[in-house]
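Reviewing the structure listed below.
The values are calculated or read from the model by the stated rules, or taken from the named source; none is laboratory data. Values in this document were obtained by computation on a predicted structure and should not be read as measured data. Methodologically, a virtual Cβ is constructed for each residue, glycine included, from the backbone with ideal geometry; neighbour enumeration extends over all protein chains shown.
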Amino acid sequence: MSGSLIRQRLSAIEKDLRVAITELNADWAEWSIGEIIDAMVGAELCHHPLYNRLNRLDAAQCQLDLGLYGLCADCENEIEPERLAMDPTEQRCQHCSEQYAHEHRQELRLSH
């Protein structure tokens, strides 16, 4: 997938997220993604579903700018193209994603 097509897909995701952001807090509508993420932290909205999506979008945009888009955040191998086709903000390959989910479930069990 070309860089311009990836940028188009990420821009479409950003547009959709900005609609939801405006519904959450209209003052944030014109802010950068990074500023919105910081504001959500300050407002203790880190568990809001938008927070995770914004972080993933921000990471994908940064990776694209650095020429690292499509590499797993954990093992640095290429993320499977079908995973990126389903979600262009995907940050992990299948193996690392499964491992992360397993470890995260363990953390949740230990914290209860």
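Tell me the helices (runs of 4 or more DSSP H) entirely within segment 36-112 that contain at least 2 residues that are touching a residue at least 40 places away in the same chain (Cβ under 8 Å). Break it down into steps so the answer makes sense when it comes.
Working: elements: 49-66, 81-86, 94-111.
Once the helices (runs of 4 or more DSSP H) in segment 36-112 are filtered for at least 2 residues that are touching a residue at least 40 places away in the same chain (Cβ under 8 Å), what remains is 49-66, 81-86.
Report whether or not Glu30 is assigned by TED's automatic domain parsing to the domain that holds His95 and either free of Cβ contacts under 8 Å to residues at least 60 places away in the same chain or not in a loop (DSSP other than H, G, I, E, B) (or both). Quick ask: steps written out before the conclusion?
Numbers: assigned by TED's automatic domain parsing to the domain that holds His95: no; either free of Cβ contacts under 8 Å to residues at least 60 places away in the same chain or not in a loop (DSSP other than H, G, I, E, B) (or both): yes.
So Glu30 does not fit the description; no.
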